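Enquirer: Attaching a single structure in structure tokens format; questions to follow.
The values are calculated or read from the model by the stated rules, or taken from the named source; none is laboratory data. Since we're looking at a predicted model, the values are computed, not measured. Using ideal geometry, Cβ is built from the backbone for each residue, glycine included, and neighbour counts are taken over all protein chains shown.
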Amino acid sequence: MAINITQIDARQDDVGPALERLRAQLSPEGNVVSERGRAKTIEVFGEPLAPEQVVAKICRDVREQGVDAVLRYTEKLDGVTLTAETLRVPAEVLQAAHAQADPGFLAAVRRTRDNILEFQRALLHQDVQLERPEGVYLQQRYRPLRRVGICVPGGVAAYPSTVLMTAVPAQAAGVAQLAIIAPPTEFGADNPDVLATCCELGVDEVYRVGGAQGIAALAYGVAGLPAVEKIVGPGNLFVALAKRRVYGQVGIDSIAGPSEVVVIADESTHPRYAAADLLAQAEHAPGASILITWCPEVLLAVLRELEEQAGRLSRSDLTIHSLEQYGALIAVRDVAEACALTDSIAPEHLLIATSHAAELAAQIRNAGAIFLGNYTPVAVGDYVAGPSHVLPTSGTARWASGLTANDFLRSSSVLHYTEAGLQAIAGDLQLLAEKEGLTAHRASVEARLNKG
């Protein structure tokens with residue numbers, strides 16, 4: 001089966017325009033919406049609104065009309081009729097899903113939870129106190145958020161892994177209340193494995209709502225679903241745009257685009273393994289899969305493996321379309337050019353399947369998560385290792401980081417000065433206040449020191 005994936009020879013051509021086109025397509029501004037999605041927009045709104053316009057209207061309606069708007073959009077967009085009473089998944093349904101779950105699956109969930117907890121607790125911020133002379137001390141303290149909303153996708157596949165990779169870091173941080181939203185589909189809030197995972201983790205708030213209306217409900221609060229302080233978790237374009245719109249009302253983790261991977265390969269790379277990782281991201285459909293190598297024979301071998309393996313996948317057609325639309329095989333001159341190109345892409349996932357992979361990783365600054373060697377597939381990070389699989393996409397790894405337990409903490413500084421301590425720094429403080437023309441600031445110090 002031939003795959004018409006883009007091939008770029010960076011040794012001769014300027015790779016920049018092709019990568020910018022790819023990044024633009026896959027960013028939230030790229031408006032990557034299926035034909036079915038466009039048809040649904042016209043059906044629901046009566047006109048071909050842009051995704052940003054759709055999200056603005058849904059969020060405004062939910063804010064003004066509350067649960068009625070949530071239920072109306074759920075019926076129109078998902079084809080499911082709910083009431084305010086049936087929006088939340090009942091406790092007995094969660095418990096029944098857990099009781100009926102495959103014991104082996106639940107054991108895997110527990111082992112994965114333990115892996116995540118161990119890793120996330122190890123990196124938690126700790127309170128810091130700095131002592132200074134004259135009884136002065138300064139603190140930085142951390143406290144968990146009280147209530148967090150988690151978005152779990154459920155359009156074309158079920159994602160119990162997303163429950164684990166979002167809820168468990170929050171639990172590691174000490175968040176008391178978790179509210180999970182998932183669309184009312186067989187892959188979302190009606191999925192037994194998703195519900196069993198929630199129950200196993202002790203999450204008892206699960207709501208049958210997705211999309212922009214779900215994000216708005218979490219942000220603004222509606223009858224039966226109290227507002228949260230922060231929203232995390234992946235979703236489609238409409239979810240990403242809704243998170244961006246409600247930011248400021250609540251915190252968010254990121255504005256994520258479709259999944260992406262860069263695989264760096266050399267003569268030691270096993271072509272079958274590299275192709276498998278490229279396919280694993282492409283099957284998200286859309287998903288960007290990019291191979292970078294300075295070994296032309298490896299590039300050709302990986303292409304052959306892609307064509308050999310793609311036809312055997314359960315989502316073969318979607319995966320191949322994703323490869324052809326958003327994938328690329330890039331030949332570069334050498335290791336240095338491979339590293340520079342990878343840094344410019346700043347991928348969500350970076351697999352360095354080369355000899356001396358750790359040394360090469362040290363030369364690369366920008367990546368959400370880095371996987372080293374032929375036996376560290378991206379899937380170990382997606383499912384079981386411990387770091388969260390919620391990662392920066394669309395080049396945002398240049399400045400953003402993956403979700404961790406620390407994202408569920410907020411910090412406060414605590415300052416304590418004695419009279420002697422204040423006297424010691426009064427001169428500098430008064431001078432700076434004077435320079436800025438803020439005489440009341442200066443006077444607030446003088447009032448304490450000049451008691452006559």
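Enquirer: Can you go through L391, L409, L422 and tell me which one is at pLDDT 95 or above and closer than 30 Å to A369 by Cβ?
Expert: L409
Enquirer: What strands (runs of 3 or more DSSP E) lie completely within segment 97-169 and have 3 or more residues being in contact (Cβ under 8 Å) with a residue 60 or more places away in the chain?
Expert: Counting at least 3 such residues, we get 136-144, 147-151.
Enquirer: Mind checking which residues of segment 405-435 are surrounded by fewer than 10 Cβ atoms within 10 Å (Cβ to Cβ) and farther than 30 Å from I252 by Cα?
Expert: D428, K435
Enquirer: Report yes if G402 is closer than 30 Å to Y159 by Cα, without any contact (Cβ under 8 Å) to a residue 60 or more places away in the chain, surrounded by 19 or more Cβ atoms within 10 Å (Cβ to Cβ) and not aromatic (F, W, Y), otherwise no. Explain how you work it out, then say what you get.
Expert: Values: closer than 30 Å to Y159 by Cα: yes; without any contact (Cβ under 8 Å) to a residue 60 or more places away in the chain: yes; surrounded by 19 or more Cβ atoms within 10 Å (Cβ to Cβ): yes; not aromatic (F, W, Y): yes.
Yes, satisfied.
Enquirer: Let me ask something additional. Of the residues V246, V302, which is buried (at least 17 other Cβ atoms within 10 Å of the Cβ), modelled with pLDDT of 95 or more and not hydroxyl-bearing (S, T, Y)? Walk me through how you get there before you give the answer.
Expert: Details: V302 fails: modelled with pLDDT of 95 or more.
Of the residues listed, the single one that is buried (at least 17 other Cβ atoms within 10 Å of the Cβ), modelled with pLDDT of 95 or more and not hydroxyl-bearing (S, T, Y) is V246.
Enquirer: With exposed (fewer than 15 other Cβ atoms within 10 Å of the Cβ) and out of contact with any Phe, Trp or Tyr (no Cβ under 6 Å at 6 or more places or on another chain) as the only criterion, which of L130, L124, L117, L106 stands out?
Expert: Values: L124 fails: exposed (fewer than 15 other Cβ atoms within 10 Å of the Cβ); L117 fails: exposed (fewer than 15 other Cβ atoms within 10 Å of the Cβ); L106 fails: exposed (fewer than 15 other Cβ atoms within 10 Å of the Cβ).
It is L130.
Enquirer: Step by step: first the residues of segment 345-382, then only those that are out of contact with any Cys (no Cβ under 6 Å at 6 or more places or on another chain) and of a type in the set (S, T, N, Q), then the one that is surrounded by the fewest Cβ atoms within 10 Å (Cβ to Cβ). Which residue is that?
Expert: S355
Enquirer: Out of everything in segment 259-299 that is crowded, with 24+ Cβ neighbours inside 10 Å and among the polar types (S, T, N, Q), what residue ends up being farthest from Y383 (Cα to Cα)?
Expert: Checked segment 259-299; the qualifying residue farthest from Y383 (Cα to Cα) is T293.
Enquirer: Looking only at segment 233-261, count every residue that is over 12 Å from the mean Cα position of the chain (by Cα), closer than 23 Å to D61 by Cα and not in a loop (DSSP other than H, G, I, E, B) and tell me the total.
Expert: The total comes to 10.
Enquirer: Out of D343, D317, D334, I need the residue that is acidic (D, E) and free of Cβ contacts under 8 Å to residues at least 12 places away in the same chain. Which one?
Expert: On inspection, the qualifying residue turns out to be D317.
Enquirer: I would also like to ask the following. Can you list the helices (runs of 4 or more DSSP H) found entirely within segment 360-452 that contain at least 1 residues being β-branched (V, I, T) and touching a helix residue (DSSP H, G or I) at 6+ places or on another chain (Cβ under 6 Å)?
Expert: Helices (runs of 4 or more DSSP H) meeting the threshold: 378-383, 439-449.
Enquirer: Moving on. In the set Y142, Y159, which member is aromatic (F, W, Y), at negative phi and surrounded by 21 or more Cβ atoms within 10 Å (Cβ to Cβ)?
Expert: Y159
Enquirer: Mind listing just one residue for me: the one in segment 307-330 that is surrounded by fewer than 17 Cβ atoms within 10 Å (Cβ to Cβ) and in a loop (DSSP other than H, G, I, E, B) and, of those, modelled with the highest pLDDT?
Expert: Going through the qualifying residues, I end up with R312.
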